[in-house]
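The values are calculated or read from the model by the stated rules, or taken from the named source; none is laboratory data. The structure presented is a predicted model; accordingly, all values stated were derived computationally and were not measured. So basically every Cβ, Gly included, is an ideal-geometry build from the backbone, and we count neighbours across all protein chains shown.
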Amino acid sequence: MAKTVAILAEDDYEDLELWYPYYRLLEAGHEVRIVGSGRKPVFASKHGYEVKADLSAGEVDPEGFDALVIPGGFAPDRMRRVPAVNELVRRFFKEGKVVAAICHAPSVLISANVLKGKKVTCFMSIKDDVMNAGARYKDEEVVVDGNLITSRSPADLPEFMRALLRALGD
């Protein structure tokens with residue numbers, strides 16, 4: 001059964017961490033919506049590839065979605081400054097919907113205040129940050145703790161996507 005998945009976007013997103021999930025989810029038959037921070041309608045990746053937002057974070061009702069993917073790169077540092085993004089992540093998480101974050105994306109989870117007591121992984125440069133937010137860090141390709149899926153880097157994308165697709169019932 002097809003699911004609806006939101007992928008967050010902001011400038012300086014890591015190309016592979018947005019586009020690999022996007023196309024893999026489409027390939028699996030799911031509907032994918034790009035959700036921007038609300039700052040503008042089009043965002044550029046670290047390498048200049050543009051993505052157009054279908055909606056802004058303030059316009060999204062998690063009720064119409066099954067999962068949320070947060071790509072890494074430098075975008076999470078921008079996303080976490082937007083109250084509507086943090087609130088959206090909090091709502092997805094509290095409603096038990098799948099929240100998948102890769103690389104630097106757990107920094108958004110820190111600002112959304114959803115990591116306390118959770119097992120997670122992330123890019124090594126924010127390991128101390130996730131631990132200071134109350135998470136239990138594990139250095140693994142993918143860590144699944146309830147509705148939360150995390151991975152460390154683009155190299156972990158195959159396992160990240162396998163975990164996300166399993167969580168969606170594929």
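Across the range 99-141, the number of residues qualifying as assigned to a loop (DSSP other than H, G, I, E, B), more than 16 Å from the chain's Cα centre (by Cα) and under 22 Å from Arg166 (Cβ atoms) comes to 4. Based on this model, can you work out whether Glu95 counts as touching a Pro at 6+ places or on another chain (Cβ under 8 Å) and either under 27 Å from Tyr137 (Cβ atoms) or modelled with pLDDT of 95 or more (or both)? So Glu95 fits the description; yes.
Against the numbered list (1) closer than 25 Å to Asp139 by Cα; (2) out of contact with any Asp or Glu (no Cβ under 9 Å at 6 or more places or on another chain), Asp61 comes up short only at (1). Inspect all residues belonging to the range 61-84 and state whether any of them is assigned to a loop (DSSP other than H, G, I, E, B) and either modelled with pLDDT under 95 or acidic (Asp, Glu) (or both). Scanning the range 61-84 turns up at least one residue that is assigned to a loop (DSSP other than H, G, I, E, B) and either modelled with pLDDT under 95 or acidic (Asp, Glu) (or both).
Give the residues of the range 112-128 that are of a type outside the set (A, V, I, L, M), crowded, with 17+ Cβ neighbours inside 10 Å and over 18 Å from Leu68 (Cβ atoms), sorted by residue number.
Filtering the range 112-128 down to residues of a type outside the set (A, V, I, L, M) leaves 113, 116-119, 121-123, 125, 127-128.
With the extra rule that they be crowded, with 17+ Cβ neighbours inside 10 Å, the set shrinks to 118, 121-123, 127.
Result: Phe123, Lys127.
Give me the pairs, please: first residue somewhere in the range 25-39 and under 20 Å from Glu59 (Cα atoms) and free of Cβ contacts under 8 Å to residues at least 40 places away in the same chain, second residue anywhere and part of a loop (DSSP other than H, G, I, E, B) and of a type in the set (A, V, I, L, M, F, W, C), beta-carbon distance under 7 Å, and either six or more positions apart or on two chains. From the range 25-39, the pairs are Glu31/Ala2; Ile34/Ala53; Gly36/Ala53.
Among the residues of the range 139-148, which ones are under 22 Å from Lys97 (Cβ atoms) and exposed (fewer than 15 other Cβ atoms within 10 Å of the Cβ)?
Gly146
Considering every residue within the range 17-38, establish whether at least one is more than 25 Å from Asp170 (Cα to Cα) and not small (Gly, Ala, Ser). Taking every residue of the range 17-38 in turn, none turns out to be more than 25 Å from Asp170 (Cα to Cα) and not small (Gly, Ala, Ser). Among the residues of the range 24-50, those identified as under 20 Å from Thr4 (Cβ atoms) and either at pLDDT below 95 or surrounded by 14 or more Cβ atoms within 10 Å (Cβ to Cβ) (or both) are Arg24, Leu25, Ala28, His30, Glu31, Val32, Arg33, Ile34, Val35, Gly36, Ser37, Gly38.
The single residue among Ala100, Ala75, Ala105, Ala53 that is crowded, with 16+ Cβ neighbours inside 10 Å, farther than 21 Å from Ala155 by Cβ and touching a residue at least 12 places away in the same chain (Cβ under 8 Å) turns out to be Ala53. Against the test of being out of contact with any helix residue (DSSP H, G or I) (no Cβ under 7 Å at 6 or more places or on another chain), more than 23 Å from Lys118 (Cα to Cα) and in a loop (DSSP other than H, G, I, E, B), the options Gly96, Gly48, Gly38 yield a single qualifying residue, Gly48.
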